[in-house]
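To start, the structure itself, in structure tokens.
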Amino acid sequence: MRIQINGKQIDVGAALTEHVEKQLNTSVGKYSENPVDANVTFSKEGHEFVCDISVHLSTGLNAQAKGRADDVYDSFEGAVSRLETQLRRYKRRLKSHHRDRKDPIEVMGVPSYILASSTDAEEPETLQPIIVAEMETKVQTLSVGEAVMQMELTGAAMLVFRNTTHGGVNVVHTREDGNIGWIDPRNIK
């Protein structure tokens, strides 16, 4: 597994790098047969150290976890603990989806825009929003179950994906009541 370790305005020393590589290989190796790569980023917010871990699995799914603590090692241990919990929880589902899937998850790049928010009290001259940034976003082709699993593994509130059944764009999201919502706007005739 390739592991990239970064520090945002923090010097990540050799001892921490060695600890992260050893612990992450052991922890992720228990629950995933072929992890592809991992990114670990350390930063400091106020008096706390923050550790963000993102692991790309061979099934095409990503798992993310974050840990916070007063010590940099403790922040990493907290993030690894959360990551292990996620991987342990979804191990059976990951294996069964991977076994049923003949091809790896297809990813398609689509344009993504950031629009300026309207902070003025005045009425805008046009209803056309102002585009602040334009970038490319990856949209995966998944089943609904895989999309829910991907959304929960990454900790996202919603996920846009192409449905493997009909190829249309779908959305899964976390509802206020804690349940998962699924939006499938295709026309049924």
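Quick note: the coordinates plus some simple rules give every number you see, no bench work behind them. Since the structure is predicted, the reported quantities are computational estimates derived from the model, not experimental observations. So basically every Cβ, Gly included, is an ideal-geometry build from the backbone, and we count neighbours across all protein chains shown.
Here ASP184 and ASP71 are evaluated by their C-beta separation; at R0 = 35 Å the FRET efficiency comes out at 0.15. Applying the Karplus relation 6.51 cos²θ - 1.76 cosθ + 1.60 with θ = phi - 60° to the stretch 79-87 yields 3J(HN,Hα) values of 5, 5, 4, 5, 5, 4, 4, 5, 5 Hz, where x marks Gly and Pro. Taking 7 Å steps out from each Cα toward its Cβ at ASP177 and ASN34 produces label points 4.1 nm apart. How many angstrom lie between the C-alpha centres of the stretch 147-182 and the stretch 27-49? The distance from the Cα centre of the stretch 147-182 to that of the stretch 27-49 comes to 23 Å. The HN-Hα couplings worked out from phi for the stretch 133-142 by the Karplus form 6.51 cos²θ - 1.76 cosθ + 1.60 (θ = phi - 60°) are 8, 10, 8, 10, 10, 8, 10, 8, 9, 9 Hz, whole numbers, x standing for Gly and Pro.
Taking 23 Å as the limit for the C-alpha separation, the pairs LYS44/LYS66; LYS30/LYS66; LYS66/LYS91; LYS22/LYS138 exceed it in the case of LYS22/LYS138.
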